[in-house]
Amino acid sequence: MAALPPPRSGAEPGGEDEALALGRLGALLLDAGSSVTDVRDTLDAIRQAALPEDIRVGVLPELVMVTRRTTGAAMMVPAGEGELSFRQSGRAGRLVRELRAGVVPLVEATSRIEEIRRESAGHPLVRWVFGSVLSAGGLAVLFRCPWWAILVSLAIGGLVGLLVALAQRVRGAAALAPFVASLLSTALLGLAATRLDVGAVPLLAVCAPIAVLVPGALITNGLLELTATDILTGSARLVYGLVVLAFMAAGIAAGAVLTGLHLDAASAALVGDVPRLATDATGWAALPPLWVSWVGIAVLGVGVGLAFAAGPALTGLIVVVMALTYSLLVLLTPSLGGVVATGATSGVVLLLARVLEKRTVAVPTMVSFLPAFLLLVPGSVALVALAAADVRALTAAMATFASLCIGTKLGSVLGDLLR
């Protein structure tokens with residue numbers, strides 16, 4: 001396709017450089033994990049202030065197209081240069097806010113985008129492995145797994161993190177990483193359970209080491225895009241997310257068969273239901289006290305911040321956001337039920353994230369709300385429902401996805417009104 005030609009004398013401002021900058025900005029936001037709908041809305045808002053009316057923007061999951069209706073000229077900018085770290089996503093969000101406010105001209109955005117992409121946190125393998133260890137242990141504590149399962153999850157989380165990090169370096173191996181990681185995690189947990197003779201193993205203990213691999217945010221973005229009539233992109237994301245879930249469920253099932261692991265299908269629960277879990281077991285098979293869940297939140301937040309290179313300030317924000325999300329889920333679930341409580345919590349958290357973004361450029365919405373996805377998205381419940389062939393649990397998980405999408409939409413609309 002031909003590049004957008006610069007405007008003729010007397011035409012409205014906005015030429016090839018501005019169009020290229022707009023396309024590169026969209027590619028940056030896609031790599032930051034934003035949905036196609038959000039990226040298009042953001043680019044449209046910036047386009048209206050900086051480019052002629054005949055410029056139009058189209059967004060696909062890995063491609064941004066900027067076209068001029070009067071001439072038919074088009075410019076296409078591919079995404080997929082690599083997922084951004086949380087620190088890079090934060091800087092991308094700040095750049096968007098400055099562009100929308102007119103503080104930074106669109107023509108100067110290209111250099112800022114290249115600077116953001118060049119930023120490196122260093123030691124990615126070490127960060128991901130240690131982040132996986134802390135995330136697995138934090139989730140096991142938050143899910144109130146038995147003490148023995150918490151200790152085993154710490155060890156398995158490190159192995160899974162190392163496996164996934166190495167798989168990312170081999171072309172084609174990344175697609176098999178969810179299956180292999182789930183198989184390895186379940187097999188090791190099964191061997192430990194057999195050696196300790198602890199009986200049925202809670203499903204959440206199986207999911208804790210691999211929960212960061214659950215494509216909850218991907219599936220939620222797909223549902224959000226479907227509700228915004230982005231049928232093609234939403235369907236593609238949704239199908240891919242479900243395929244990854246199926247691979248992980250197959251890995252859990254295969255690991256359980258190989259080791260004779262007996263899974264407790266009745267132990268699947270949303271985060272808001274976890275405080276009601278109880279057992280008469282003692283010693284290493286006992287559940288940790290409820291207050292230890294707050295320690296789990298802190299450990300989980302630090303693990304996520306380390307794995308995704310958030311930096312000290314954003315890591316502290318992650319812990320606060322997760323604590324707020326957990327508090328709302330625990331308070332609302334008894335009265336509203338898990339499905340409705342998830343939607344209500346997502347709306348409140350996203351609204352607060354919008355308000356926080358409005359007050360300061362240092363905390364963009366995409367960074368402050370993203371950590372809440374780990375607690376809000378019922379990916380682990382859907383995963384264990386598939387592994388246990390529990391139709392009722394799977395139906396509840398899909399209903400929770402829908403509630404999450406509705407709550408996120410309401411929070412986004414209210415947040416935009418406040419702007």
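Grouping the Cα pair distances of segment 214-258 into 5 Å bins from zero gives a pair-distance distribution of 6, 26, 23, 16, 11, 8, 6, 3, 1 percent in increasing distance order. Taken along its principal axes, the alpha carbon cloud of segment 80-180 reaches lengths of 56, 33, 22 Å, longest axis first.
Take segment 56-112 with all the other protein chains still there, run a 1.4 Å probe, and you get 50 Å² of accessible area per residue. With a Förster radius of 51 Å applied to the C-beta separation of E62 and V292, the computed FRET efficiency comes to 0.75.
With all protein chains in place and a 1.4 Å probe, the accessible surface of segment 125-184 carries 79 percent carbon and sulfur. Which whole-angstrom value gives the distance between the alpha carbon centres of segment 181-246 and segment 293-345? Cα centroid of segment 181-246 versus Cα centroid of segment 293-345: 19 Å apart. Stretching D44 away from T70 to a fully extended chain increases their span by 7.6 nm, per 0.36 nm per residue minus the current alpha-carbon distance.
Sorted largest first by accessible area at a 1.4 angstrom probe radius, with every protein chain in place, the residues E108, E357 fall in the order E108, E357. Taking all protein chains together, L213, L245 sort by accessible area into L213, L245, largest first [probe 1.4 Å].
Can you tell me how segment 131-273 classifies by the Cα gyration tensor, rounded, prolate or oblate, using a/c under 1.5 as the rounded cut? Walk me through the intermediate numbers first.
On the way: a/c = 1.97, a/b = 1.58, b/c = 1.25.
Prolate is the answer for segment 131-273, as a/c is 1.5 or above and a/b outweighs b/c.
W294 sits with roughly 120 Å² accessible to a 1.4 Å probe, with DNA, RNA and ligands left out of the calculation. The per residue volume of the convex hull around the alpha-carbon atoms of segment 284-343 is 116 Å³.
Stretched out straight at 0.36 nm per residue, the stretch from D197 to M398 would grow longer than its current Cα-Cα span by 68.9 nm. Accessible surface of S85, taken over heavy atoms with a 1.4 Å probe and every protein chain present, rounds to 20 Å².
Give me the mean projected area, in nm² to one decimal, of the convex hull enclosing the Cα positions of segment 104-157. It is 5.6 nm². The 1.4 Å probe gives accessible areas that order Y240, Y326, largest first, as Y240, Y326. Residue by residue, segment 207-213 carries 3J(HN,Hα) couplings of 7, 3, x, 10, 4, 5, 8 Hz when phi is fed to the Karplus relation 6.51 cos²θ - 1.76 cosθ + 1.60 (θ = phi - 60°); x denotes Gly or Pro. Counting only the heavy atoms of the protein chains, how much of D38 is accessible to a 1.4 Å probe, in Å² to the nearest 10? Estimated to the nearest 10 Å², D38 gives 70 Å².
The values are calculated or read from the model by the stated rules, or taken from the named source; none is laboratory data. Keep in mind that what you see is a predicted model, and the values were worked out from it rather than measured. In this analysis, Cβ positions are derived from the backbone assuming ideal geometry, glycine residues included, and neighbour counts consider all displayed protein chains. SASA here: full protein model, heavy atoms, side chains in, ligands and nucleic acids out. Shrake-Rupley method; radii C 1.70, N 1.55, O 1.52, S 1.80 Å.
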